[in-house]
Amino acid sequence: MFRKIIKGGHRKPSKSESNDASMYGYGPPTGPNRTSGSVTTMNVIVNHSSRAGPTQPGPNSVGAAGAVVVVAPPGTVEPLALFRDVPVSDRHSLFIRKLQVCCFQFDFSDTLKSVREKEIKRQSLMDLVDFIQSGSGKITESCQEEMIRMVSVNIFRCLPPASHENTGQEGVEPDEDEPYLDPSWPHLQLVYELLLRYVVSSDTDTKVAKKYIDHSFVLKLLDLFDSEDPREREYLKMILHRIYGKFMVHRPFIRKAINNIFYRFIYETERHSGIAELLEILGSIINGFALPMKEEHKLFLVRALIPLHKPKPIAIYHQQLSYCITQFVEKDFKLADTVIRGLLKYWPVTNCQKEVLFLGELEEVLEATQSAEFQRCMVPLFRQIARCLTSFHFQV
């Protein structure tokens, strides 16, 4: 309860505020800053340890995405007609007006504040989702630009600080505390649903959509995987997976950006809420790798996936990590020796629970290992198994 009270008054800055695309091995985002109706990116330098103040946005404050966050003055938000109740010729203007209403921000820490306006926004979001899902009208490019701007204003925000940042506790297990649930989820869920329906829609032209779902947008989306709300991470996982599948031009960038999240987690922080979800996406991506496997993918295995066995909180994401590793060995049996030696390199010395996880993963890898690769690594492998046999821990 104490943590939830603390969370209500603080927000964690999005990493995209302090890290531009060059952090991910790229130069500045391609193309000039977008202004007319789209998100305006700003060069704001924020130290990683800094925290935003209480979430009481002013009339025209700047949000985490660099976009102007507009707070609706009381009594100015009026309900709009449903799409099915207006002529087809009026739907374009109604679509824009609904998007403008949905750009207004509200304080969800007070459930009695702006109740009418919140409900109007919720109804507008629901109608937008239904309209996109029905495919009853082709969305113009200007409407698409406005929609991505509205989505950016709502989802690209300051995240609340993680549990350890409030309590100072190290290595808190996920089951020891209730997950944080964002109070603004009734609106956030519909915004995510709208974005998901837009991405998966057969009417969405990737040549047009990629102007607005660009590298900067994807990078900010990846930042949100650090959200402690599991419902948000689930939506982000579905959306990023669909973007990866539909926008082929973004695929190398997404893989490299995920790599860098892993590097930072392994070698700097050992704290990130969304490693399991990112690995789930990668499991599907690895499954689709063509053979013979590219050198880039093998380097990803050696430099990112195998070192993910090092951090202490591996239990949170080990199931997804083990699946990714096994996928590599099943795709290319010659990688078995590399994987087994990698497991032995990071084998835990004093952590018996972690050792049990390693043994389970090793069993799955060995099932996909052929005799030639097994013979290359069997001496160090059996030395480690001998040490495990002398363990005092009954499960090991």
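The values are calculated or read from the model by the stated rules, or taken from the named source; none is laboratory data. Everything quoted here is computed from the prediction, not taken from an experiment. Methodologically, a virtual Cβ is constructed for each residue, glycine included, from the backbone with ideal geometry; neighbour enumeration extends over all protein chains shown. Surface areas here come from the heavy atoms of the whole protein model, side chains and all, with no ligands, DNA or RNA. Shrake-Rupley method; radii C 1.70, N 1.55, O 1.52, S 1.80 Å.
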Area of SER134 that stays accessible when all protein chains are in place (1.4 Å probe, Å², to 10): 80
Alpha-carbon Rg/Rh ratio, for the stretch 73-157, with Rh computed the Kirkwood way: 0.97
Ranked by how many other beta carbons lie within 10 Å on average, peptides 254-260, 98-104 from highest: 98-104, 254-260
Over 29 Å (Cα to Cα) - which of LYS211/LYS256; LYS310/LYS334; LYS220/LYS334; LYS121/LYS220; LYS98/LYS256 fall in this group: LYS220/LYS334; LYS98/LYS256
³J(HN,Hα) computed for each position of the stretch 228-244 - Karplus, 6.51 cos²θ - 1.76 cosθ + 1.60, integer Hz, glycine/proline x: 7, 7, x, 5, 5, 4, 5, 5, 4, 4, 5, 5, 5, 4, 5, 4, 4
Computed FRET value (nearest 0.05) for TYR346 with ALA81, which takes r as the C-beta separation and R₀ as 45 Å: 0.15
Nonlocal amide H pairs with GLN105, under 5 Å, H built at 1.01 Å: VAL70, VAL71, ALA72
Residue-level accessible surface for ARG97, protein heavy atoms, 1.4 Å, Å²: 110
Residues with amide H under 5 Å from that of LEU159, placed H, sequence gap 5 or more: LYS12, SER14
Accessible area of the stretch 73-157 belonging to carbon and sulfur atoms, whole % at 1.4 Å probe: 55
Solvent-accessible area of GLU270 with every protein chain in place, 1.4 Å probe, in Å² to the nearest 10: 60
Where only C-alpha atoms are counted, convex hull volume of the stretch 282-396 per residue in Å³: 96
Spread of Cα-to-Cα distances over 10 Å intervals beginning at zero, given as percent, for the stretch 192-329: 11, 43, 35, 11, 0
Contour excess over end-to-end distance, with Cα ends at GLN319 and SER142 and 0.36 nm allotted per residue: 59.4 nm
Over 16 Å [Cα-Cα, the stretch 268-343], rounded percent: 45
Cα centroid separation, the stretch 121-162 to the stretch 349-374 (Å): 45
Cα-centre dipole for the stretch 86-161 with unit charges at Cβ (Lys and Arg positive, Asp and Glu negative), debye to 20: 80
Anchor LYS113: aspartates and glutamates whose Cα lies under 19 Å away (excluding residues fewer than 8 positions away in-chain): GLU78, ASP182
